[in-house]
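Everything on this sheet refers to the single structure shown next.
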Amino acid sequence: MSDVFLVGNGAGFSGDRVDAPIPVVRTLIQRGLPAALFFEVLGERTVALAQLERRANPEAGYEPMLERLLAPVLADCFHHRIPILGNFGAANPPAAARCIARLALRLGLPNLRIAVVAGDDVMGSIALDQLPVHEADGSIDISSARLIAANAYIGAEPLVAALKAGADVVVAGRTSDPALAIAPLVAHFGWSLDDWQKLAVGAAAGHLLECGSQVTGGVFWDPGRKDIPDPANIGFPIAEVTRDGGLIITKAADTGGLVDLRTIKEQLLYELHDPAHYITPDVVLDISGCHIEQVGKDRVAIHGLKGEPAPESLKVTASFEGSWLGEGEVSVAGPNALARAKATADVLLQRLKLRGLPVRARVDLIGVASVHDSDDGALWRAYEGPEPPDIRIRLAAEGATRDDVDQAAREVLALLCCGTAGTGGARWRVTPRILTRSYLVLRDRVPTSITSRTAQEIAA
C-alpha cells in the first residue's frame, strides 16, 4: 500500500466551473498514486434552497450541475480506481444517486457502485427548541418563521464505511467540508478515528481544498498587485498526504493559477474563528503553531498541525422561510448621468411612500456608491467626483409578502416612460429570503446509515 495518497478537489461551491475536475483527474491518473476526488458544493443556505426544489419536484433537490460535473470524469475515475465523494446529494441524496446511475449506464458502467449516506437530515426527528443555540444565532428572530430544513454536519465515519465497502461514488448530504478529505485518507491508510494528530492533517487538507480554486489563486488574484498566470484556466487543488501525516498542497498540472505561501496563508485562515480551535465533527484542529514551506513550483508543505479530540456535539443548521426581496435595475448614460441618477433614486423612494408599500428599501448607484453605502444613500448623495459615463441604478426592497416587493421592484420598470432622459435597460425580479440559525446536538442523536448498490441495481 502506497505511503502517499492524493486528494483532488473538483468543486468548491454549487455553481463552480464544470470543467475544473477534468485536469484534476488527468493529473491524478498521471501521478499513478492512489487517489480520491471530492466535490464540496453546499453552503449553509444551499440545502434549504434544495429542499424547496424537492417540494416542487420529488426528483429534484440535489446539485443541479451534478451530471455536468461528473460526466467528463466518471469513467476515468472508475477505471483507475479513484473514488468520488461529494455532498452533492444536498436535500435529496437518493435522487442524486439515481442521476449518477443513469449517467453510469450511458457511459457503459453498470457495475459502478454508488453509496448513499443518510442521517444528516434531522428535520422532524429532533426538536430544535430543545437544543442550545450555536454562538450568536440567538438574536435571529424565528418566532413566526416556517422551518424549511434542518441538517446536522456529519463527519467522516459513514463515508469511510462506504469506501471500505467498495463504493466508487459516495453521495452525501450535509457533511462537514473537511470530512470529504478525511474519509478517503482514513480508508486508505487505516488511520484510527481517534488518532487526533493524523485527523488534524486530514482536516487541514480538507479545509485548504474545500473552496476549490481559492487556494490556487482564486479570490487571491488582484491584478497589478497579486497576479496569477492564466486565470481563465485556473487549476484546482490537490493534496499530497503521507501515511505519517505529511501534507503538501499542489494543483492540477498544465493549468493556470498558483500555489504559494500567500495563497496557502489566505485559505488556511479562511472562516477560522479561532485558529487554535477549529471545530469539525471529526477533530478539533489547531493551526496556531504550524509553519508553511515552499518546496517547489506550486508546491507548499504545511508542518506543525495539531489535533484535539472531536467535540461531543454536532452543529445543526436550520433554515427558515424569511421575508421577500425585490430588486429592480435601470441604467442612465451620457452627459449629466450623475444628476439624472440621483434624481431617479429620489423618485423611486418617493414612489414607494406615495403607494404606501410596507417595505424597507434602499437605492444604490452602481458605479458611484453601492457596496459601502448605507440604506439612506449617504455616499451617493454626497458624491461630487468625476462624472461617470454611465450608472446602473438598483432598487432593493424587503417585505413580508411577495406582492409588496414585486410592486416595489416594478417601479423601476415604470421609469422607461416616467423617468429621466436616456433611461433604459430595466429589469426586476423577486426572490425569497432564507434565515439560518445553528444549534448543537449530541452526536449520538444523529445516527447515520449507508445504502450501497450498483448503477444497474439502482436503475432496475
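The table that follows gives values for the structure above.
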item: The range 138-285: C-alpha gyration tensor shape, a/c 1.5 cut-off, then a/b vs b/c; result: oblate
item: Cross-link table 251/306; 198/315; 226/306; 198/265, entries beyond 27 Å C-alpha to C-alpha; result: 226/306
item: Two-site FRET efficiency, residue 457 against residue 299, from Cβ-Cβ distance with R₀ of 25 Å, rounded to 0.05; result: 0.05
item: Efficiency of FRET between residue 421 and residue 265 - r from beta-carbon atoms, R0 51 angstrom, step 0.05; result: 0.50
item: Calculated FRET efficiency for the pair residue 242/residue 431, C-beta based, R₀ 56 Å, to 0.05; result: 0.75
item: Alpha-carbon Debye profile of the range 335-421, log10 I(q)/I(0) at 0.10, 0.13, 0.15 Å⁻¹; result: -0.24, -0.40, -0.54
item: Residue order, fewest to most beta carbons within 10 Å, for 221, 380; result: 221, 380
item: Separation in nanometres of the label points that stand 7 Å from Cα toward Cβ, at residue 445 and residue 31; result: 4.0 nm
item: Filtered GluC sites (Glu not before Pro), the range 302-377: DSSP coil and at most 15 other beta carbons within 10 Å; result: 312
item: Semi-axis lengths, Å, the range 1-116, gyration tensor of Cα atoms, sqrt of 5 times eigenvalues; result: 26, 16, 12
item: The chain - percent relative contact order, Cα under 8 Å, separation 6 or more; result: 19 percent
item: Residue 107 paired with residue 336, simple spin-label distance in nm, labels 7 Å along Cα-to-beta-carbon; result: 6.1 nm
item: Debye log10 I(q)/I(0) at q = 0.06, 0.07, 0.08 Å⁻¹ for the chain, Cα point scatterers; result: -0.31, -0.43, -0.55
item: Spacing of the two label points (7 Å from each Cα toward its C-beta) at residue 194 and residue 164, in nm; result: 1.5 nm
item: Length added when fully stretched, residue 76-residue 272, from 0.36 nm per residue minus Cα-Cα; result: 67.0 nm
item: Extension gain (nm, one decimal) between residue 146 and residue 219, 0.36 nm per residue minus Cα-Cα; result: 22.8 nm
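Each value in this text was obtained by applying a stated rule to the coordinates, not by laboratory testing. Computed from a predicted structure; not experimentally measured. Virtual Cβ from ideal backbone geometry, glycine too; neighbours counted across all protein chains shown.
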